[in-house]
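Nothing in this text is a laboratory measurement; each read-out follows from the coordinates by a stated rule. Nothing here was measured: the structure is a model prediction, and the numbers come from that model. Glycine gets a Cβ as well: all are built from the backbone with ideal geometry, and neighbour counts include every protein chain shown.
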Amino acid sequence: DAGITQSPRHKVTETGTPVTLRCHQTENHRYMYWYRQDPGHGLRLIHYSYGVKDTDKGEVSDGYSVSRSKTEDFLLTLESATSSQTSVYFCAIRGGVLQPQHFGDGTRLSIL
Amino acid sequence: AQSVTQPDIHITVSEGASLELRCNYSYGATPYLFWYVQSPGQGLQLLLKYFSGDTLVQGIKGFEAEFKRSQSSFNLRKPSVHWSDAAEYFCAVGTTNTTSGTYKYIFGTGTRLKVLA
C-alpha cells in the first residue's frame with residue numbers, strides 16, 4: 001500500500017470553528033489531492049497540489065484552503081466550518097503523469 | 001464538458017454470476033481511464049487502468065475492463081462474482097489541463113454492488 005496517512009480519522013466539531021486535516025505521504029510524490037465524498041456525488045475534487053507551494057482549486061473549493069510547505073504534507077483547512085461541510089474527506093497522491101492516484105483511508109468529519 | 005457517468009446506482013447479483021458495471025465518459029482527448037473499488041469505511045483501491053494499447057485490460061481480483069472509443073465506454077466485468085466483491089465501484093477519467101499541464105481525475109458517482117449468497 002502507498003504510504004499515505006490522514007489525520008485525524010474522525011472529528012466532530014461545531015459550526016464556525018476552524019478545522020485542519022492533514023495528509024502525510026512517505027512516497028515523495030509530486031502530486032497530492034483533497035476530495036470530499038458525499039452520497040450521490042461520488043468523489044469531488046476540492047484542491048490539489050503539483051509541487052511545494054503550488055496548489056490549485058478543484059470543483060468544490062469554496063470554504064476550503066490548502067497549504068503545502070513540504071513535499072510530504074498537504075493540509076486542508078476549513079476556516080469556519082459549516083454543516084454542509086460534513087463529509088468524508090480523502091487525500092490522494094500520484095507520482096507521475098501515467099501513474100494512478102492512490103488514496104488514504106479518509107477522515108470522517110461531522111460539523112454540528 | 002468533461003464527465004463520467006455510471007448509470008447504475010445499485011446492482012444486485014448472485015454469487016457465481018457474471019458482472020458488468022457500466023461507465024461512460026465525455027472527454028475530448030485520448031482518455032486515461034480507471035476503476036476503483038471501495039469497501040465500507042475504507043479508501044479507494046485501484047482495480048485497473050487504461051492508458052493506451054490493448055483495449056482489454058486486466059486488473060486485480062479477477063476483474064477486467066474494455067475500452068470502446070466508439071461508445072465512449074469503459075465497462076468493468078467479472079465472469080464469476082464472489083461475496084467479497086460486495087462494495088462500491090468508481091470509474092474515473094484522468095484529464096490534463098493543456099495550459100497549466102496539471103492533471104486531475106473526474107469520478108463517476110459510483111455503483112454499489114450487492115452479492116446474494
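Here are the numbers for this structure:
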| item | result |
| --- | --- |
| Inverse of mean 1/r across different Cα pairs in chain A, Kirkwood, Å | 13.9 |
| Within the protein assembly as shown: Cβ-based charge dipole about Cα centre, in debye rounded to nearest 20 (Lys, Arg +1; Asp, Glu -1) | 140 |
| Convex hull of chain B built on C-alpha atoms - directionally averaged projected area, nm² | 7.5 |
| Net dipole in debye of the stretch A:16-112 [+1 Lys, Arg Cβ; -1 Asp, Glu Cβ; about Cα centre; nearest 20] | 100 |
| Pairs of lysines in chain B (C-alpha under 22 Å apart; 8 or more residues apart or interchain) | 9 |
| Share of alpha-carbon pairs per 10 Å distance bin for the protein assembly as shown, given as whole % | 8, 33, 35, 20, 5, 0 |
| Furthest towards positive pole of dipole, A:GLY95, B:GLY108, B:ALA86, structure part the protein assembly as shown, Cβ charges | A:GLY95 |
| Cα-centred dipole magnitude for chain B, charges only on beta-carbon of K, R (+1) and D, E (-1), debye, nearest 20 | 180 |
